[in-house]
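Structure, as structure tokens:
The values are calculated or read from the model by the stated rules, or taken from the named source; none is laboratory data. Treat the numbers as computed from the prediction; the structure is a model and nothing was measured. As a convention, Cβ positions derive from the backbone with ideal geometry for all residues, glycine included, and neighbour counts pool all protein chains shown.
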Amino acid sequence: MGVAAPGSGCPADPAYEFTAADADQLNDAEDTGYAWRALSVVGLASILMALNSSALNTALPTVVRHFHAGNGTASWILLSYLLVSTVLTLVFGRCADLFGRRRMYLTGLAVYTLASLGLGLAPSIWVLIGMRIVQAAAGAALLTNSAAIVSAAFPERLLSRGMGIYLASFSVATLLGPTVGGLLTTNLGWRWVFWFNVPVGVAALLWGYVTLRGNPPAGRFAGIDAGGNGLFVVGLGGLLLALSEGGSLGWTSPAVLAGAGAFVVLIPLFVLVESRGRNPVIDPRLFTNRSFTMANSAAFINVLASSGVALIVALYFQAVRGDTPLAAGIAVLPMTAAAAIGSSLLGGLARLAQPRTIAAAGSGLASVGLLVLLLTCGPHTAYPAICAGIVTTGLGTGIFMPANITSILAGTPTDRLGVINAVRLMVQNSASVVGTAICLTLLATPLPGDVRHAVYTGTIGLASARTEALLAVGYRLTYGFMFALSLAGVLASLASKRVHQHQGPVGGPGLTSAGRGARRRVT
């Protein structure tokens, strides 16, 4: 075994003086090791959530048939989760900065796991929806903190790689979810779609407990804007009620008009209250930063355009083709595989272009995929054509999402990561919940009222050829809506890039730290 010679400049040399630069290198190595461990915790919890969400998409017709639920009630199995998660991300984002991301993350994991157990035991559809609301609250605590934990743990030079891997883990779980959901539903019953989350949740909770570090409080707790939260949830809930029930009750029915009216009145009132409140749900100063506003606008439009693709394609194979949940899950597998591949590419692409440039390219690729689905849609479309459309859409979406998230969070002060990430999630979740509701509404609009329920139960394939043709019209309407929005998303992504070039990083005016935390820059 060799020994360093005196004066060699090696730490093994007794005469070697340990410098500040050496200390920095050791600290960097320690922090990098922690960053990868923290990423493993976040990745495992992301797998838990993504598996649950995507597995339920293929199990939904079986659940609806089991409880003999109506089409409006069936849609709320999905929409209740999205609505509650969207609202609570704002509250939990601020609470995480004030009370600690570690505490909130681990609490969210515990509650999410218990809710999964309760969902499998649900005796009625309304108990199921109630447990989905509990699960949504826990999911909001996880989502609010996931990207913030990754962003705070990784040094700037590795952030794009870490964020890409984080989202790739989410995409891989989404990839496996439809197949796992179909396999469990076909062989063990729909309840196991929820129960299989329990061991994953317990493992993630234990690993997170021994791994994650706490973050110091970013300030004193000044209260929660209950009025602002109430306005937002009632306003957005009114829109979802109108969209989900308009087809069955009629667009001029009192309930639908009341829901639409609540949205039209309360959302502008919410904006007014937020601009004048002492402890607003959303700090209006955030949107004085044009770079932040444009990046979130691009995210909203792109998510609105693509959020319902996997769901309506899975419904197509069950409702039109008469496939089993397992076969439908396998059919949509290529889309989520492409999304996982797209997310994992960010680390390499970041060496060639700026995140906003990558996001615009991903948005354009997703538009091409939606155009393929629109042009080839029909009752007897060959699977290769469908596969080409969903793969291209999935790849584009997988590229867009981590690039967009990186562009938003990379310039944010560390003590503002929770609230900034919460606003980002609120924007994207709002787009997801509205986009899903619009897709389900457009899909069933051409159908007679007495057969719309068959779309959700997956039994429309037993109806007449005319009914199948009408459903194909619904699919063309839906894909046309998605494609038009996706083109707008490309323009918004390009505008975000242009604004960033003129203004600089997101962590500019309106996002500056109150005194703690260093701001990181991404170019």
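Data overview
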| item | result |
| --- | --- |
| Meets criteria (among the small types (Gly, Ala, Ser), assigned to a helix (DSSP H, G or I), modelled with pLDDT of 85 or more and over 23 Å from residue 170 (Cβ atoms)) for residue 454 | no |
| Qualifying residue in the range 346-366 (condition: farther than 30 Å from residue 500 by Cα, among the hydrophobic types (A, V, I, L, M, F, W, C) and modelled with pLDDT of 80 or more) | no |
| Residue list for the range 482-517, restricted to those being out of contact with any Gly (no Cβ under 9 Å at 6 or more places or on another chain), modelled with pLDDT under 55 and crowded, with 16+ Cβ neighbours inside 10 Å | 510, 517 |
| Any hit, the range 251-258, residues being assigned by TED's automatic domain parsing to the domain that holds residue 448 and modelled with pLDDT under 80 | no |
| Every residue from the range 320-332 that is of a type in the set (A, V, I, L, M, F, W, C) and under 14 Å from residue 381 (Cα atoms) | 320, 331 |
| Test: residue 159 is farther than 30 Å from residue 235 by Cβ, modelled with pLDDT under 80 and not assigned by TED's automatic domain parsing to the domain that holds residue 241 | yes |
| Condition met for residue 336 (assigned by TED's automatic domain parsing to the domain that holds residue 496, surrounded by fewer than 19 Cβ atoms within 10 Å (Cβ to Cβ) and either within 16 Å of the chain's Cα centre (by Cα) or within 29 Å of residue 180 (Cα to Cα) (or both)) | no |
| Criterion: out of contact with any Leu (no Cβ under 6 Å at 6 or more places or on another chain) and more than 21 Å from residue 125 (Cα to Cα) - qualifying residue of 80, 53, 46, 85 | 46 |
| Any hit, the range 113-124, residues being over 21 Å from residue 202 (Cα atoms) and more than 22 Å from the chain's Cα centre (by Cα) | yes |
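Residue-by-condition table, conditions (1) at pLDDT 80 or above; (2) surrounded by 21 or more Cβ atoms within 10 Å (Cβ to Cβ):
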site	(1), (2)
199	yes, no
220	no, no
238	yes, yes
264	yes, no
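Conditions tested, residue by residue: (1) at pLDDT 75 or above; (2) buried (at least 24 other Cβ atoms within 10 Å of the Cβ).
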{"position": "70", "(1), (2)": "no, no"}
{"position": "80", "(1), (2)": "yes, no"}
{"position": "84", "(1), (2)": "yes, no"}
{"position": "88", "(1), (2)": "yes, yes"}
{"position": "92", "(1), (2)": "yes, yes"}
{"position": "96", "(1), (2)": "no, yes"}
{"position": "104", "(1), (2)": "yes, no"}
